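Visitor: Can you keep this structure in mind? I'll have questions shortly.
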Amino acid sequence: MQIYQKLFKKPWPYLMGGALLAILNIILFASTGEPWKITSGFLYWGAAILEFFGMDPGKWYYFSVYNNGLDSGETFLNNYYSVINLAVIMGALIAALLASEFKWKKIKNKRQLFFGLLGGILMGYGTRLSFGCNIGSYFSAIPSFSLHGWVFGIFMFIGAWIGSKVLFRYLL
Amino acid sequence: MTSGRIEELKKRRQREFKRKKNQIKYAVFCIIVAIIIYAFFLIHNVNYSILWLIGLLLGFVLQRSRFCFTASFRDPIMVGSTSLFKAVVVAFMISTVGFAIVQYNFIQGVQNISLNDIPGQIHPVGIHTALGAILFGIGMVVSGGCASGTLMRIGEGFLLQIVVLIGFIVGVLMGARHFEFWDKFIISQASTVYIPNYTGLPMATIIQVVVLILLYLLADWYDKKNSMMSM
Amino acid sequence: MKEVRIDCMYETCPIPLLKALKELKKMEIGDILIMETDHSCSITNVIDWAKKQGHNVDYVEISEGEWEIYIEKMR
């Protein structure tokens, strides 16, 4: 019971979480040759939806440059990103259930809904410009010794500062 | 750090509520489903089985440690606390060394390597990176979660984060649609900077770890400055 | 020595922390702030911050995924 409380109930220290995430990322990188990435998967899901409605996003300029296209044998639904993104959701769900703290948390008001949607769109658009999100362009890019990871981190800080101002003004 | 009065309030509160429902049986069910999917991948696509397993563990660790990249940037600005930022810096120290070893092993075996062949997230750097990062930074603070945080919170049952995910998908589609413009305008002029090209991989590793240690010390100083003495 | 209750149900990070900060400023030393929240990050985020500020702090789970955080203002 003591061990259960410690492992599954009480939050782990941040430092331990950070170290474990780093180690998992290294294992992922060493075994598959690809570090942890997330957001291109969201694009592929979006492209799959467009395909469903009869459009042909596969022909977009975007997919023809910078290795942005799918690898051979992959589709917009069946690829690296779908597997790992769903696994992350599943892992978090298992962790929440083991702690008996899963709860459907409803949206409080229209303002929260609006800012959630707006924030999502801003993040999504940003990731296409900078070749990745806080994982692909930061958590996996700085250890890859690419300068764009550092630049992304510094300007994400500036963005967070602007976002904080907006939050103080409109959300509090 | 607690006190008698808080203990009393806690006791009173706990008496009011009956033993709470236990969700462990659902957890066991989910674990079984996860194992079945893992076994399926193991037979059909070994690469996917690795992704699935590591992804599960990543999600588990994210939820358990409440690891939030958004807060690591936001808390120093809003309340001057850098606990999470320090954890991110430590994670970078570990992964820098790990990634260096993986890249080193790869480079050893290959002659005349080009930048595109080096494993890892290596991309052009320029104004577009800064612009994208600023948009991303604003977005993550107002929506209350970054990419990994959004996925993790969907797993925890936040309906808001499903909305964020929908916004995210709309955003990436728009970004990809406009990519041609940005590419012609900015990105094609930018160069890719892989630091070890200038210093060698061992030196780059040492420099980066030293920079990270300095960053940690700075964050620690800032943290101490803002706790206890302030207000 | 009063008790102040704030409701942070369905709020996302960092609103609970900011609300606590705002409320604590108005309170007297020795008062206790009781915060109800269902945001899982709050029980590390808010508590970590309150400890650093030198307040007495603790929390209790009141239902699945819902917590009550107690902060006794010390300074």
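The values are calculated or read from the model by the stated rules, or taken from the named source; none is laboratory data. These numbers were taken from a predicted model, which means no experiment stands behind them. Every residue, glycine among them, receives a Cβ derived from its backbone with ideal geometry; neighbour counts consider all protein chains shown. Please note that ligands, DNA and RNA were not included when accessible areas were found on the heavy atoms of the full protein model with its side chains. Shrake-Rupley method; radii C 1.70, N 1.55, O 1.52, S 1.80 Å.
Visitor: Within the range A:17-55, name every residue whose backbone N is under 16 Å away from a label modeled 7 Å from Cα of A:N78 along the Cβ vector.
Guide: A:45, A:48
Visitor: Follow-up question, since we're still on this one. Whole Å is fine, so just give me how far the alpha carbon centre of the range B:115-138 lies from that of the range A:67-131.
Guide: Answer, in whole Å: 20.
Visitor: Determine the total buried accessible area between chain A and chain B, counting protein heavy atoms only with a 1.4 Å probe; round to the nearest 100 Å².
Guide: Working: alone 13650 and 18080 Å², together 20140 Å².
The summed interface area works out to 11600 Å².
Visitor: Between A:L15 and C:M27, what is the spin-label point distance in nm, taking each point 7 Å from the Cα along the Cα→C-beta axis?
Guide: 2.9 nm
Visitor: State the extension gain, in nm to one decimal, for the chain segment bounded by A:Y66 and A:R169, taking 0.36 nm per residue of separation less the distance between their alpha-carbons.
Guide: Values: separation 103, 0.36 × 103 = 37.08 nm, distance 3.93 nm.
Extra length from A:Y66 to A:R169 when fully extended: 33.2 nm.
Visitor: A further question follows. Apply the a/c threshold of 1.5 to the C-alpha gyration tensor of the range A:15-172 and tell me whether it is rounded, prolate or oblate.
Guide: Details: a/c = 1.25, a/b = 1.16, b/c = 1.08.
Note, shape of the range A:15-172 comes out rounded.
Visitor: Enter the mean number of other protein chain beta carbons within 10 Å of the beta carbon of each residue in A:57-66, as an integer. Let's see the in-between values first.
Guide: Values: counts 3, 0, 0, 5, 8, 10, 2, 2, 5, 7.
Mean shielding count: 4.
Visitor: Tell me, what is the per residue accessible area of the protein assembly as shown in Å², probe radius 1.4 Å?
Guide: Details: 20300 Å² over 478 residues.
I get 42 Å² per residue for this part.
Visitor: While we're on this one: Which value, in debye to the nearest 20, gives the size of the charge dipole of chain C about its Cα centre, when Lys and Arg are +1 and Asp and Glu are -1 at the Cβ? The partial results should precede the final answer.
Guide: Numbers: 10 positive and 15 negative charges, 125 e Å.
Charge dipole of chain C: 600 debye, to the nearest 20.
Visitor: Right, something else. Would you work out what percent of the accessible area of chain B, with all protein chains in place, is carbon or sulfur (probe 1.4 Å)?
Guide: Values: 7240 of 10680 Å².
Exposed carbon and sulfur together represent 68 percent of the surface.
Visitor: In addition: Of the accessible area of chain A, with the probe set at 1.4 angstrom, what percent is carbon plus sulfur? Spell out each step's value before the answer.
Guide: Details: 4970 of 7180 Å².
Its accessible area is 69 percent carbon and sulfur atoms.
Visitor: By its C-alpha gyration tensor, with a ≥ b ≥ c as the square roots of the eigenvalues, how is the range B:67-230 shaped: rounded for a/c under 1.5, else prolate for a/b larger than b/c, else oblate? Walk me through the numbers on the way to the answer.
Guide: Numbers: a/c = 1.89, a/b = 1.13, b/c = 1.67.
It is oblate, given that a/c is not under 1.5 and a/b is not larger than b/c.
Visitor: Note down the accessible area of A:Y44, probe 1.4 Å, to the nearest 10 Å².
Guide: Here the residue's solvent-accessible area equals roughly 10 Å².
Visitor: So, counting K/R as plus one and D/E as minus one, what does the shell of residues with Cβ under 14 Å around B:I138 add up to? Mind showing how you got there, number by number?
Guide: Working: positive: A:K165, A:R169, B:R74; negative: none.
Taking every other residue near B:I138 into account, the sum is +3.
Visitor: With an 8 Å cut-off on Cα pairs and a minimum separation of 6 or more residues, tell me the relative contact order of chain A in percent. Could the numbers behind the result be given before it?
Guide: Numbers: 88 pairs, mean separation 40.8, N = 172.
Reported relative contact order: 24 percent.
Visitor: Express the relative contact order of the range A:120-172 as a whole percentage, based on alpha carbon pairs under 8 Å and six or more residues apart in sequence.
Guide: On the way: 22 pairs, mean separation 9.8, N = 53.
Reported relative contact order: 18 percent.
Visitor: If you don't mind, another one. Need one value for B:99-109: mean number of C-beta atoms belonging to other chains within 10 Å of its residues' C-beta atoms.
Guide: Mean shielding count: 3.
Visitor: As a test of the definition: with a 1.4 Å probe, what buried accessible area, both sides summed, do you compute for B against C, in Å² to the nearest 100?
Guide: Using a 1.4 Å probe on protein heavy atoms, the buried area is about 3300 Å².
Visitor: Using a 1.4 Å probe over the heavy atoms of the protein chains, calculate the carbon and sulfur portion of the accessible area of the range C:3-72 as a whole percent.
Guide: Whole-percent figure for carbon plus sulfur exposure: 45.
Visitor: Write down the percent of antiparallel bridges among all DSSP beta bridges whose residues are both part of the protein assembly as shown, to the nearest 5.
Guide: On the way: 16 of 23 bridges.
So the antiparallel bridges amount to about 70 percent of the total.
Visitor: Now for a separate question. For chain B, which DSSP H helices look membrane-span-like by this rule: Cα extent along the axis of 20 Å or more and mean Kyte-Doolittle of at least 0.0?
Guide: Numbers: long enough: B:24-44 (30 Å, 2.40); B:46-65 (29 Å, 1.34); B:83-109 (40 Å, 1.41); B:127-143 (24 Å, 1.88); B:159-177 (28 Å, 2.25); B:201-226 (37 Å, 1.03).
Those that pass (Cα extent of 20 Å or more, hydropathy at least 0.0) are B:24-44, B:46-65, B:83-109, B:127-143, B:159-177, B:201-226.
Visitor: Continuing with the same structure: Let me check against my output: what whole-number percent is the relative contact order of the range B:34-129, with C-alpha pairs under 8 Å and at least 6 apart? Display every interim value, and only then the final one.
Guide: Values: 32 pairs, mean separation 11.0, N = 96.
It rounds to 11 percent for the range B:34-129.
Visitor: Under unit Cβ charges (Lys, Arg +1; Asp, Glu -1), what dipole magnitude, rounded to 20 debye, does the protein assembly as shown have relative to its Cα centre?
Guide: Magnitude of the dipole: close to 1580 debye.
Visitor: List the DSSP H helices in chain A whose Cα atoms stretch 20 Å or more along the helix axis and whose mean Kyte-Doolittle hydropathy is at least -1.0. Could the numbers behind the result be given before it?
Guide: Values: long enough: A:14-32 (27 Å, 1.87); A:80-98 (27 Å, 2.05); A:110-130 (30 Å, 0.47); A:147-170 (34 Å, 1.14).
Flagged H segments are A:14-32, A:80-98, A:110-130, A:147-170.
Visitor: I would also like to ask the following. Shape of the range A:105-172 from its Cα gyration tensor (a ≥ b ≥ c, root eigenvalues): rounded if a/c is under 1.5, otherwise prolate when a/b > b/c, or oblate? Working shown, then result.
Guide: Details: a/c = 2.89, a/b = 2.04, b/c = 1.41.
Since a/c reaches 1.5 and a/b is larger than b/c, the shape of the range A:105-172 is classed as prolate.
Visitor: Now for a different question. Using the per-residue mean of other Cβ atoms lying within 10 Å as a proxy for protection, in what order, highest first, do the peptides B:48-57, C:51-60 fall?
Guide: Values: B:48-57: 22.6, C:51-60: 19.0.
Those peptides, ordered most packed to least, come out B:48-57, C:51-60.
Visitor: Can you find, among A:G124, B:Q121, A:S164, the residue sitting farthest towards the positive end of the charge dipole of the protein assembly as shown, where Lys and Arg contribute +1 and Asp and Glu -1 at Cβ?
Guide: Selected residue: A:S164.
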